[in-house]
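In what follows, a single structure is set out as structure tokens and then discussed.
We did not get these values from a lab; they are worked out from the coordinates using the rules stated. Note that the structure is predicted; figures quoted are calculated from it, not measured. Here the Cβ positions follow ideal geometry from the backbone for every residue, glycine too, while neighbour counts run over all protein chains shown.
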Amino acid sequence: MAFEPKILSFFCHWCCYAAADSAGVARYQYPPNNRVVRVMCTGRIDPRFIVEAFYVGADGVLVGG
Amino acid sequence: MEAGRSPNIEIITLAELKELSGKPGNFKAKLEVRPRYVDPTKCTACGMCTTYCPKEIVDEYNEGLDFTASIHIDYPQAVPTVYYIDEKSCLRLNHESCQLCANVCGPNAIEFDEKPEERELEVGAVVLAIGFGRVPEEVLERYGYGKYPDVLTSLEIERLTCASGPTEGEIVRPSDFAHPHRIAFLQCVGSRDETCGNGYCSTVCCMYAMKEASVVKEHAPEAEIDLFFMDIRTMGKGFDEAFNRAVEKYGFRTIYARVPKVEQVGRKLALTYVTEDGKTHRDFYDMVVLSVGLDAPADAERLADLLGIELNKFGFAATKTAAPLETNVPGIFVAGAFQGPKDIPESVVQAHGVAAECSELLAEARGQDVVHKEFPPEDVELEREEPRIGVFVCHCGVNIASVVDVEAVRDYAAKLPHVVLSENVMYSCSQDAQADLVKKIKEYRLNRIVIAACSPRTHEPLFQESLREAGLNPALIEMANIRDQCAWVHAEDPEAATKKAMDQVRMAVAKAARLEPLELQKVPVTPVALVIGGGAAGMSAALSVADQGYEVHLVEREEELGGNLRRVTGLLSGEDPQKILDDLIKRVQKHEKIKVHTGTTVENISGYVGNFTSTLRRPEGSEVVNHGVVIIATGGRENRPERFGLGENDRVLTQLDLEDELTRKGGRLSRARSIVMIQCVGSRGDGLNYCSKLCCQQAVKNALRIKKRYPKKDVYVLFRDMRTYGFSEDAYREARKAGVIFLRYQAEEKPELVTQGKSLRVKVKDALLGEELLLPCDLLVLSVGIAPGENEELSKLIKAPLTGDGFFLEAHVKLMPVELPVEGVYVCGLAHAPKPLDETLAQARAAAAKAVIPMAKGFVEVPPIVSRVDQAKCIGCGICADLCPYGAIRLVKVGKRKKAETITASCKGCGICASHCPVLAISMGGFTDEAILAQIEAFGEFVEKEAAEEPKEEAA
Amino acid sequence: MGKKKSGKVLVLGGGVTGVQTALDLASLGYYVYLVDKKASIGGVMAQLDKTFPTNDCSL
């Protein structure tokens, strides 16, 4: 079975989260491997969050901002 | 479409104005309201009626490209979200034969007996925002429209490219449903064409054609697209840049030619046209798109008769340059395309501006007739209980439900911890679904809500208001975005999309369980405005604010008010600009609410919306003023590039120099026999990167003034694109008739100045002859464009960004054209972008309207996502205060120690402070560590679940 | 002196201009009647798919 990475994404409300919405509006297709946590700014992201994500088993963490 | 939710906006559809009497401040209006045949209080917009209605009609919303039923709704998000019966086609209404819709309508909302009714309203002012009309089909028929199916209008293409349109976004030829390979866009259909009575330029078509061509290209990358222009008129802010980028990215071919007609040859459409070099071409296309102009609205003449307002010769509302939003009847205002063809940002500017006009007229009645929306007190006890979560999984029609198994998601959510109710909703944003949400909250005593639907960016405020109506704190909601970031982007993998939706819902539920009520912060507003800049824009904005009843400090750097307008001596409309200026100056100086500070600069601005403090500096000393809002109207300056000997040779002038010359008797102008004007000197990539929007009008205006005074003098205008948009196209035509000679030059082959003994000549390559011409030139007039003022310093002072070109950047190009990203700061006039006087004056009023809003409210509400410092934990290290990009954290003395404190009104909720606090003393409203960590933990279950499903071989 | 002025405004046309005017007037403290000939407000902008130059969704 092919490796399907599990990615946790932290998206900034103002840019990357908005961009992800725009991708939807434009019906861009991308693999369904990510799950999204919205934050008001990537500055909110405490390094603990990233460590925690890997701890619970994420294969990758995407910080989008 | 938040208009549907304001308690102070009553929407009356299917209605027409029949009578108006009275005077400004006290009008009586009579409306005729046609029947809808559906009771809006009962209709739930379920769509059963449309499904069963046997009468098919052409779908006008989809430009006749699709069918709908006689009982229908234009589009699912329509406001009001209520179906209606098309009187002309309904079988029951016309033949008494059918009543299927009434039979299937669950809530019994169908009312066949409804009759037209009359309503009488008392109002203080009337705004005409009736938009534009359609160019008659006969005009389109000249281009084969109606005869050849593959000739489409721009609005038809708009529906074809739309994902929810009749073809779901697929670009096909109506004749055979094949994908078109070669597409032509023909500009100026029904515009710049006296033969159809529309001698004006519709202003928007060049932009929308480029947009449509780009979207078509994205849907059908193999398509080759040619666009046929008379002139490329992309003069708005940033438009040239966007246009050039699109041409480069998509490889469009732009051709300067007016295509006279379209013929069908076999399965292709043939275009025969003559290019500027005089050569005839014949090309074949699979599809032709007509960029149809904006006509005067159909209702214009009826309203003109009814109200006594004047129309211009094209049937649009007649207005003056000095008062672009006023009709000739006091108390009746006009805005949007009815005032003249215009794009969305300009329409929004006028909408803001016209609101200011009404607000000036009715200042004494402000607040008198409004309804205050009262929310019930929060049910604090319920909020304190253990989480009782309600999950609502939205179908969004077919948007989500066609991909995600929404029933499975609902059932999955029902089993999650703390969830007491899990339901599906057809359109969770519809008004009836909102009412149902309120009901369910009360019925099931829900104290946390999860909406699995679209994006919180667009829809969270809507749901938050419903929570407040139900007595819940608006912070107790979390949205799972299963449309924009799930169903839409994983359309080909429904199974994976459903799994993702479940995971996002689980993460949302985990977060929801840890949400806490947050207090909505209200910050009082000082009812004083600071207007920076005493030119036409600043003075108009100041007057509007003052007439609306608020105090103004008007600051002008120079000793004299007036700015650039002081140098303008004529207007195309025939009005006297110096009289407009004198009126403004007199009114400003007389107004008891305006304090004028000339010879003054603004040295320091601190604070935030509602509470700014600024230092006004004059050579003899400075003054500190408090104010609630700021309007930037610092203007721009004439660009004076060192080209063609400008500044050295006294026979070389700018258009503004010429304006001065035109008021003199004798002088250089009277001696010159041949005058040459060159457009775009130092603009559009030659120094300045942008188009200054007004130079073409100015050149035409000055050329006409010369011709009027000295009919025998020769006037040449050398241009790249004549951008006399809107009604100034008329003047362009008039100038040609008066004998002004217009010659197009290429950006690569700029005109040159040649000295022959004592005389000057301008060398220019003529496209038609293909030869170089030497034009005699006794006076050379350069259209030099407008450079930004010294905006950098002010930009730093108020922390508002500039565009790459050095003008202030608005908060949203389309929908927030006068607001800056910094709250409480607004911009108008040349500080925003180059523009002609009428647009500056409209924008000044627009800025005034937006600036008065917080003052009229008396307070600003701050979304409760702000940071909060637990001062018991804070060690006063100050890292947060240093890092905060908004200056929203300060250190204060608490007892003997320094502690951090949030300035709530300035905080944007970014959370940089929280993530850097070494002792975890800062929590973010709605984004606490606990909530985010709970989401991460819930994400972990996705990993576990997947691992459990996978075969064990990897483990070995 | 004349009658007290009304604090209500009639806005004819429910397109982007009319809707924005109505919203601004409501925020400025006036009651608005937003009147349209059609069965729903939104005007032509509701028919547009995207807008120039940012190609944002227009709804």
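Computed from the Cβ-Cβ distance with R0 of 51 Å, the FRET efficiency linking B:Lys313 to A:Tyr55 stands at 0.10.
Its DSSP H runs of at least 4 residues, each contributing -39,500 (n - 2.57), put the calculated 222 nm mean residue ellipticity of the protein assembly as shown at -8000 deg cm²/dmol, to the nearest 500. How big is the antiparallel share of DSSP beta bridges in the protein assembly as shown, given as a percent to the nearest 5? Just about 45 percent of them are antiparallel. Each peptide among B:385-393, B:739-747 gets the average number of other Cβ atoms lying within 10 Å of its residues, and from highest to lowest they stand as B:385-393, B:739-747. With θ taken as phi - 60° and the Karplus curve 6.51 cos²θ - 1.76 cosθ + 1.60 applied, the whole-hertz 3J(HN,Hα) list for the stretch A:46-59 is 7, x, 4, 4, 5, 4, 4, 4, 5, 4, 7, x, 5, 8 Hz, x standing for glycine and proline. Among the GluC sites (Glu not before Pro) found in the stretch B:206-259, those both in a DSSP coil and sparsely packed, with 15 or fewer other Cβ atoms within 10 Å of their Cβ, are B:Glu222. Summarising the label geometry, the points placed 7 Å from Cα in the beta-carbon direction at B:Ala298 and B:Arg258 lie 2.8 nm from one another.
Inter-chain Cβ neighbour count for B:363-371, averaged per residue, equals 6 (cutoff 10 Å, partner chain atoms only). Excluding B:Glu357 itself, what net charge comes from residues whose Cβ is under 12 Å from its Cβ, given Lys and Arg +1 and Asp and Glu -1? Local net charge: -3. Using the Cβ-Cβ distance between B:Asp66 and B:Asp176 with R0 = 30 Å, the FRET efficiency computed as 1/(1 + (r/R0)^6) comes to roughly 0.95. A crude spin-label estimate for the pair B:Val58 and B:Asn626, with each label 7 Å from Cα along the Cβ direction, gives 6.4 nm. Sorting B:885-898, B:482-495 by their mean Cβ neighbour count within 10 Å, with the most densely packed peptide first, gives B:482-495, B:885-898. Count Lys and Arg as plus one, Asp and Glu as minus one, and take only other residues whose Cβ is under 13 Å from that of B:Pro174; the net charge is then -3.
Dividing the radius of gyration of the alpha carbons in the stretch A:7-64 by their Kirkwood radius gives 0.99 for Rg/Rh. Electrostatic bookkeeping for B:Leu140 treats Lys and Arg as +1 and Asp and Glu as -1; over the other residues with beta carbon under 14 Å from its beta carbon, the sum is -4. Shape analysis of the stretch B:850-925 places it in the prolate category; the axes a ≥ b ≥ c from the Cα gyration tensor give an a/c of at least 1.5, with a/b above b/c. Per-residue shielding of B:841-849, expressed as the average number of other chain Cβ atoms within 10 Å of the residue Cβ, stands at 1.
The stretch between B:Leu774 and B:Glu224, if pulled fully straight at 0.36 nm per residue, gains 194.1 nm over its current Cα-Cα span. Here r is the Cβ-Cβ distance between B:Ser670 and B:Thr272 and R0 is 30 Å; the resulting FRET efficiency, rounded to 0.05, is 0.05. Distant-in-sequence amide contacts of B:Leu760, defined by a placed amide H-H separation under 5 Å and a gap of 5 or more residues or a different chain, comprise B:Cys777. Straightening the chain between B:Tyr444 and B:Glu87 buys 124.3 nm, computed as 0.36 nm per residue apart minus the Cα-Cα spacing. Extension gain for the segment B:Lys320 to B:Arg637, taken as residue separation times 0.36 nm less the Cα-Cα distance, is 111.6 nm to one decimal. The modelled label-to-label distance for the pair B:Thr50/B:Leu815, using points 7 Å beyond Cα in the direction of Cβ, is 2.3 nm. Averaged over the residues of A:9-18, the number of partner chain Cβ atoms lying within 10 Å of the residue Cβ comes to 3. Mind running the shape call on the stretch B:707-748? Use the C-alpha gyration tensor, a ≥ b ≥ c as the square roots of the eigenvalues: rounded below 1.5 for a/c, prolate if a/b tops b/c, oblate otherwise. Verdict is oblate for the stretch B:707-748. Couplings 3J(HN,Hα) for the stretch B:68-74, derived from phi with the Karplus relation 6.51 cos²θ - 1.76 cosθ + 1.60 (θ = phi - 60°), are 9, 9, 4, 9, 6, 10, 5 Hz, where x marks Gly and Pro. Taken one residue at a time, the phi angles of the stretch B:253-263 give Karplus couplings (6.51, -1.76, 1.60, θ = phi - 60°) of 9, 10, 10, 8, 6, 9, 7, x, 7, 10, 10 Hz. Gly and Pro are set to x.
Most tightly packed first, judged by the mean number of other beta-carbon atoms within 10 Å of their residues, the peptides B:605-617, B:679-691, B:167-179, B:120-132 read B:120-132, B:679-691, B:605-617, B:167-179.
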